[in-house]
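A short worksheet on the structure shown next.
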Amino acid sequence: MRIFGLIAATLVLVNVSLTAQAKEPSMNGRAICAWGSGIAAGAQESKLAGVTLYGARKKLQTRKFTQPWMRMTAMGITEQTYKSASRLKPAGIKQTYLEQCINHELARK
């Protein structure tokens, strides 16, 4: 229950933060955030299905990535997702990751 309260508070703060700022993330930044959120959602889906972290990492090793940095980033996102105690559905993880990533992108500017 506590985690849902924290997530709800985070989403409210992110929403307020995004509406308060006039800047928009670059198209590249938004695309990277969308990609990362998909990786996080896939990792959460595997975690909830009972796949071990080792199995999820092995699956990522066989996947083709368009950029050299993507494989290690995907491994990191997957590891962090597995370390989290969250039991949210993958769609919730995807949305939360995307919003927080965009917020981070905006804060960097």
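The values are calculated or read from the model by the stated rules, or taken from the named source; none is laboratory data. Computed from a prediction, not measured in an experiment: that's the story for all the values here. In this analysis, Cβ positions are derived from the backbone assuming ideal geometry, glycine residues included, and neighbour counts consider all displayed protein chains.
Summary table
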| read-out | value |
| --- | --- |
| Residue count, region 84-109 (criterion: part of a helix (DSSP H, G or I) and more than 16 Å from Gly42 (Cβ to Cβ)) | 9 |
| Considering residues of region 14-47 that are loosely packed, with under 13 Cβ neighbours inside 10 Å and in a helix (DSSP H, G or I) only, the residue modelled with the lowest pLDDT | Ala20 |
| Condition check for Gly50: part of a loop (DSSP other than H, G, I, E, B), at pLDDT 95 or above and more than 14 Å from the chain's Cα centre (by Cα) | yes |
